[in-house]
Amino acid sequence: MKFRNYLYVFVIIITGGYIFTQINTSNKELENKKDEITKSDIANPIFANINQERIINADNEPGSWLSHGRNYEEQRYSPLVQINKNNIDNLELAWSFDMSSTRALESTPIVVDGTMFLTSEWSIVYAIDAKTGNEVWYYDPEVPKDWGRKACCDVVNRGAAVWKGYVYSATLDGRLIKLDAKTGELVWEIDTLIDRARDYTITGAPRIANNLIFIGNGGAEYGVRGYVSAFDVDTGKLAWRFYTVPGDPSLPFEHPEMELAAETWKGGEWWKIGGGGTVWNSIVYDPEFNQVYIGVGNGTPWTRVIRSPGGGDNLFLSSMVALDADTGKMNWHYQTTPGDNWDYTAVQDMMLAEIEIDGDKRKVIMQAPKNGFFYVLDRKNGELLRAHKYAEVNWATHVDMETGRPVENKDKDYLEEKQWILPGALGGHNWQAMSFDPDLGLVYIPTQIAPTIYKMTEEWQKTGKLKYKPNSWNTGVELGKYLDLALTTPDVPIPTGSLQAFDPISGETKWEVMYPQHWNGGTMSTKSGITFQGNGMGTLNAYDSFSGELLWSKDIQTSMLAPPITFMIDGEQYIAILAGTGGGNNHGGDTLGFHAEHLASLKYGNAGRLLAFKLNGELNLPRLDLLEKIIPEQPLLQSTEFQISRGTELYGEYCAFCHGTAVRAGPALPDLRMMNNDSHELFKEIVYEGILSENGMSSFSDVLSENDVESIYHYIVKTASVDRQIQLEQNN
Ligand code: CA
């Protein structure tokens with residue numbers, strides 16, 4: 001991708017309390033355009049005319065993939081059966097499209113009228129001919145590159161929505177854009193952010209129903225206050241907004257639910273650090289009850305003793321909340337982790353189903369949030385029906401079905417002493433989609449056994465406080481010295497993962513395929529009894545949904561996170577997936593050397609590609625070469641002990657999330673042990689002055705002094721020298 005200069009023009013028209021930002025197109029032009037569209041409808045049907053009826057009746061056109069989870073139920077279960085257990089041996093590459101990216105690709109494409117709409121790094125939107133893989137158009141919203149620093153988990157995007165001839169997508173810097181589906185032309189864009197000075201980002205896919213676009217945002221670690229908004233598809237006007245956590249208590253409540261929530265926050269000054277509760281991933285519309293379910297994220301800071309020292313559940317953190325789709329008024333809420341203390345978001349994909357439970361058919365909503373319990377709720381009223389463990393859990397013993405609350409394990413309290421805890425901050429399951437086979441009653445979950453060592457920060461231990469740092473993580477736990485923690489804590493398991501077929505009613509794992517590392521892709525299941533998944537080891541696999549038998553496997557040589565989808569064109573069924581890893585695991589690419597051998601993208605690079613397979617496809621994937629990663633000789637430096645210890649801590653705090661713990665980068669971003677002479681010479685200019693800001697590496701002069709940058713440099717060079725020595729010994 002070429003980085004170009006851009007002009008970022010804001011025309012902010014404040015109308016009736018909401019901010020309407022429009023570029024290129026005036027209201028009048030928009031009205032004219034609408035007239036034109038209405039006139040041309042008569043002659044030609046609207047291209048990509050997805051509407052409510054079509055999504056509700058998605059099973060009538062199984063060849064399309066009409067919304068994020070295929071239909072409103074978001075089970076990621078396709079009725080297509082052409083590719084089946086008897087012929088899957090013949091599944092071969094039909095086409096591939098170069099995404100010109102080495103960053104994480106997380107999008108679920110939409111397929112309608114023979115066209116695939118998807119998103120890429122930096123919120124770029126693509127329309128691809130779904131039969132040939134040729135580009136139809138692409139739209140670059142030109143996200144200011146310095147916004148990249150505000151994203152915890154890289155400059156990713158999980159997809160667009162298509163509605164009545166238009167494509168709607170959100171940008172990393174908080175805009176919602178409307179594009180013409182046929183041409184990719186911008187129709188309008190609006191600003192969804194309440195406070196541009198805070199580090200909000202959007203990486204999630206919008207959902208649409210009742211002609212309203214529902215969108216949330218991310219940024220909890222950096223200190224924001226979560227909310228979800230609904231905007232009119234035609235005008236972009238705000239219809240309603242629901243905050244997930246209370247704001248400044250000296251100001252009036254924005255809506256009555258905030259009064260209820262405020263009673264559960266006690267004694268802290270959370271609003272100064274935002275409070276968190278961001279809705280950064282799952283939003284599901286339910287046509288049967290006209291409800292929108294939102295999955296709410298973790299608290300800011302992570303530690304409840306700082307956030308709310310007087311105790312309390314801190315609503316609506318880590319909750320599933322049902323809102324009236326037309327008004328945004330809350331119908332019910334269920335909190336998975338009262339008083340969240342571990343970054344246990346409940347933003348993971350939610351799916352709707354009708355399941356027989358204890359002899360009755362129940363309309364349920366299901367979720368496997370980070371905290372390790374699989375929740376089945378009655379979606380009419382939020383009644384808790386099941387809460388079995390789906391992953392290894394040691395922070396709580398079980399969920400008390402009488403109270404609906406988890407019973408915490410006091411032995412794992414980390415207030416006084418550090419603790420390794422499962423699930424860790426990456427969750428027993430993260431955003432990577434799960435799928436459901438309603439015939440078998442099984443959910444296919446990309447599961448993680450990835451612990452985090454939680455320890456209160458030294459700052460808190462000394463002062464009892466956490467000073468809010470803008471443009472930085474504000475967790476209250478020791479992340480700067482994480483490597484030391486990992487090396488000095490006995491018995492911490494090495495992170496691994498699995499794909500499991502889980503029965504949400506009995507809590508039984510029907511089958512499980514173990515993986516040597518934890519960061520794998522989402523799943524998709526089909527009526528022919530097959531579940532597809534791309535994994536971190538770089539293989540796209542097809543499993544028998546019933547038995548777990550591996551039916552088909554393709555070595556892509558690129559690690560995958562995104563879920564596969566399926567569609568049909570001209571009588572041929574396709575399986576499509578985006579390859580390219582990174583995201584929330586950038587910090588742990590090769591931490592401590594556990595997974596260098598396992599992550600395909602560390603071995604072969606992280607070449608972002610969109611791949612489509614069909615029966616008797618005629619293309620072969622070109623084989624990628626092993627990367628030669630020889631750490632170069634490092635400059636000879638005289639480092640003081642202080643420089644190394646200070647550099648270690650600062651690196652852990654400011655650099656590790658992108659460039660990897662212990663300077664061992666994941667596949668998506670540069671490994672600083674491999675810096676060339678220019679980078680060595682210009683290190684201060686890069687980090688302090690921001691000369692590479694057009695690549696997303698903006699200046700850190702707001703949080704680091706020149707001496708700090710120098711210390712970080714000394715630490716990097718020392719670490720690279722040590723690793724080089726190890727490498728030389730291994731190669732001998
Ligand atoms: Ca988080």
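The values are calculated or read from the model by the stated rules, or taken from the named source; none is laboratory data. Model, not experiment: these values are computed from the prediction. Counting neighbours? That spans all protein chains shown, and the Cβs are built from the backbone with ideal geometry, glycine included. Ligands, DNA and RNA are excluded from the accessible area calculation, which covers all protein heavy atoms including side chains. Shrake-Rupley method; radii C 1.70, N 1.55, O 1.52, S 1.80 Å.
Data table
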{"item": "Residues (under 15 Å from V321 (Cβ atoms) and either modelled with pLDDT under 95 or among the acidic types (D, E) (or both)) located in the range 260-287", "result": "D286"}
{"item": "Residues (among the hydroxyl-bearing types (S, T, Y) and at positive phi) located in the range 93-121", "result": "S100"}
{"item": "Number of the condition not met by W332 [criteria: (1) surrounded by 20 or more Cβ atoms within 10 Å (Cβ to Cβ); (2) away from the ligand (no atom under 15 Å from the Cβ)]", "result": "(1)"}
{"item": "Positions within the range 198-207 being open to solvent by less than 10 Å² (accessible area, probe 1.4 Å) and within 21 Å of W65 (Cβ to Cβ), in sequence order", "result": "G204, A205, P206"}
{"item": "Selected residue (only one of S553, S601 is in contact (Cβ under 8 Å) with a residue 24 or more places away in the chain and not basic (K, R))", "result": "S601"}
{"item": "Helices (runs of 4 or more DSSP H) enclosed by the range 643-732 - at least 1 residues per element that are over 24 Å from N585 (Cβ atoms) and open to solvent by 20 Å² or more (accessible area, probe 1.4 Å)", "result": "677-681, 683-687, 706-731"}
{"item": "Positions within the range 389-406 being farther than 25 Å from G497 by Cα and among the hydrophobic types (A, V, I, L, M, F, W, C), in sequence order", "result": "M401"}
{"item": "Top-ranked residue of the range 406-421 - restricted to ones that are part of a strand (DSSP E or B) and either without any contact (Cβ under 8 Å) to a residue 12 or more places away in the chain or within 16 Å of the ligand (Cβ to nearest atom) (or both), ranked as least open to solvent (accessible area, probe 1.4 Å)", "result": "I421"}
{"item": "Evaluation of V245 against (1) within 16 Å of the ligand (Cβ to nearest atom); (2) over 18 Å from G310 (Cα atoms); (3) open to solvent by less than 10 Å² (accessible area, probe 1.4 Å) (one fails), failing number", "result": "(2)"}
{"item": "Residue match in the range 274-287 (condition: open to solvent by 10 Å² or more (accessible area, probe 1.4 Å), touching a helix residue (DSSP H, G or I) at 6+ places or on another chain (Cβ under 6 Å) and over 16 Å from G219 (Cβ atoms))", "result": "yes"}
{"item": "Residue pairs meeting the criteria (Cβ under 9 Å; at least 6 apart or on separate chains; first within 18 Å of G159 (Cα to Cα) and free of Cβ contacts under 8 Å to residues at least 60 places away in the same chain, in the range 267-292; second within 16 Å of the ligand (Cβ to nearest atom) and open to solvent by 10 Å² or more (accessible area, probe 1.4 Å))", "result": "none"}
{"item": "Any hit, the range 288-303, residues being within 28 Å of E354 (Cα to Cα), in contact with a helix residue (DSSP H, G or I) (Cβ under 9 Å, 6 or more places away or on another chain), at pLDDT 95 or above and surrounded by 19 or more Cβ atoms within 10 Å (Cβ to Cβ)", "result": "yes"}
{"item": "Within the range 209-239, tally of residues that are touching a residue at least 60 places away in the same chain (Cβ under 8 Å) and open to solvent by less than 10 Å² (accessible area, probe 1.4 Å)", "result": "14"}
{"item": "Total residues in the range 304-329, condition touching a helix residue (DSSP H, G or I) at 6+ places or on another chain (Cβ under 7 Å), within 16 Å of the ligand (Cβ to nearest atom) and open to solvent by less than 10 Å² (accessible area, probe 1.4 Å)", "result": "3"}
{"item": "Elements of type strands (runs of 3 or more DSSP E) contained in the range 527-593, each with 3 or more residues being assigned by TED's automatic domain parsing to the domain that holds G608, touching a strand residue (DSSP E or B) at 6+ places or on another chain (Cβ under 9 Å) and buried (at least 24 other Cβ atoms within 10 Å of the Cβ)", "result": "530-534, 565-569, 572-579"}
{"item": "Filter pass, N381 being touching a strand residue (DSSP E or B) at 6+ places or on another chain (Cβ under 7 Å) and buried (at least 24 other Cβ atoms within 10 Å of the Cβ)", "result": "no"}
{"item": "Given (1) more than 22 Å from the chain's Cα centre (by Cα); (2) of a type in the set (S, T, Y); (3) at positive phi, index of the condition T327 fails", "result": "(3)"}
{"item": "Inter-residue pairs, beta-carbon under 6 Å, first within 12 Å of the ligand (Cβ to nearest atom) and in the range 422-438, second among the basic types (K, R), 6+ apart", "result": "G427/K370"}
{"item": "The range 77-104, residues that are out of contact with any Asp or Glu (no Cβ under 7 Å at 6 or more places or on another chain), in contact (Cβ under 8 Å) with a residue 40 or more places away in the chain and outside any strand (DSSP E or B)", "result": "L80, V81, Q82, I83, N84, N87, I88, D89, N90, M99, S100, T102"}
{"item": "Top-ranked residue in the range 57-88 [being of a type in the set (G, A, S) and farther than 23 Å from A325 by Cα; ranked as farthest from the chain's Cα centre (by Cα)]", "result": "G63"}
{"item": "Test: residue in the range 178-192 that is under 19 Å from the mean Cα position of the chain (by Cα) and either buried (at least 23 other Cβ atoms within 10 Å of the Cβ) or on the phi < 0 side of the Ramachandran plot (or both)", "result": "yes"}
